[in-house]
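J.: One structure is given below, represented as C-alpha cells, and several questions about it will come after.
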Amino acid sequence: IDPEMAEEIDEAEAASESGPGLLPVKNDDEFRPFIRRLPEFKFWLSASKGLIVALVCSFFPFLDIPVYWPILLFYWIFLFIITMRRQIEHMIKYRYVPLGNFGKQRYNRS
C-alpha cells in the first residue's frame with residue numbers, strides 16, 4: 001500500500017459523516033460498501049513477478065549465497081515487527097494478548 005494513498009483514504013473516511021461502508025445520510029452522498037486499498041489484480045501481478053524473479057535467480061549458482069541462520073531469523077522477526085506495527089499497537093492499546101489468558105478479564109460463572 002502506498003502510504004500517501006492510505007492517508008488520503010483515511011482522511012476521506014474521517015471527513016465523511018456517514019463513514020466507510022455505511023448508508024448515505026445525504027442525497028449527494030455516495031454509497032461505498034468497500035474501498036480496496038490494494039486492487040486484487042495488482043496484488044497477483046506483484047506476487048507473480050516476485051515468484052518469477054525468485055525462480056530465475058535460483059538457476060544461477062553465483063546467487064547461491066550461504067546464509068547464517070540466526071541472521072536470517074533476526075531479519076524475519078524484524079520484518080514481521082515492521083509490517084505488523086499498526087496491528088501490534090492496536091493490540092497493546094486494547095490490552096489484547098493472543099497467547100494465554102494474560103491481561104484478560106475473567107468473569108465468574110453465576
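The values are calculated or read from the model by the stated rules, or taken from the named source; none is laboratory data. Worth saying up front: this structure is predicted, and the values here are computed from it rather than measured. All Cβ positions, glycine included, derive from the backbone under ideal geometry; neighbour counts span all protein chains shown. Each accessible area value is taken on the protein alone, full model and side chains, heavy atoms only, with ligands, DNA and RNA left out. Shrake-Rupley method; radii C 1.70, N 1.55, O 1.52, S 1.80 Å.
J.: Going residue by residue through segment 86-109, is there one that turns out to be touching a His at 6+ places or on another chain (Cβ under 9 Å), at pLDDT below 80 and part of a loop (DSSP other than H, G, I, E, B)?
T.: Yes, segment 86-109 contains at least one residue that is touching a His at 6+ places or on another chain (Cβ under 9 Å), at pLDDT below 80 and part of a loop (DSSP other than H, G, I, E, B).
J.: Restricting attention to segment 61-83, which residues are more than 27 Å from the chain's Cα centre (by Cα) and open to solvent by less than 100 Å² (accessible area, probe 1.4 Å)? Write out each step before concluding.
T.: At the first step, the residues of segment 61-83 found to be more than 27 Å from the chain's Cα centre (by Cα) are 61-68.
Within segment 61-83, LEU63, VAL67 qualify.
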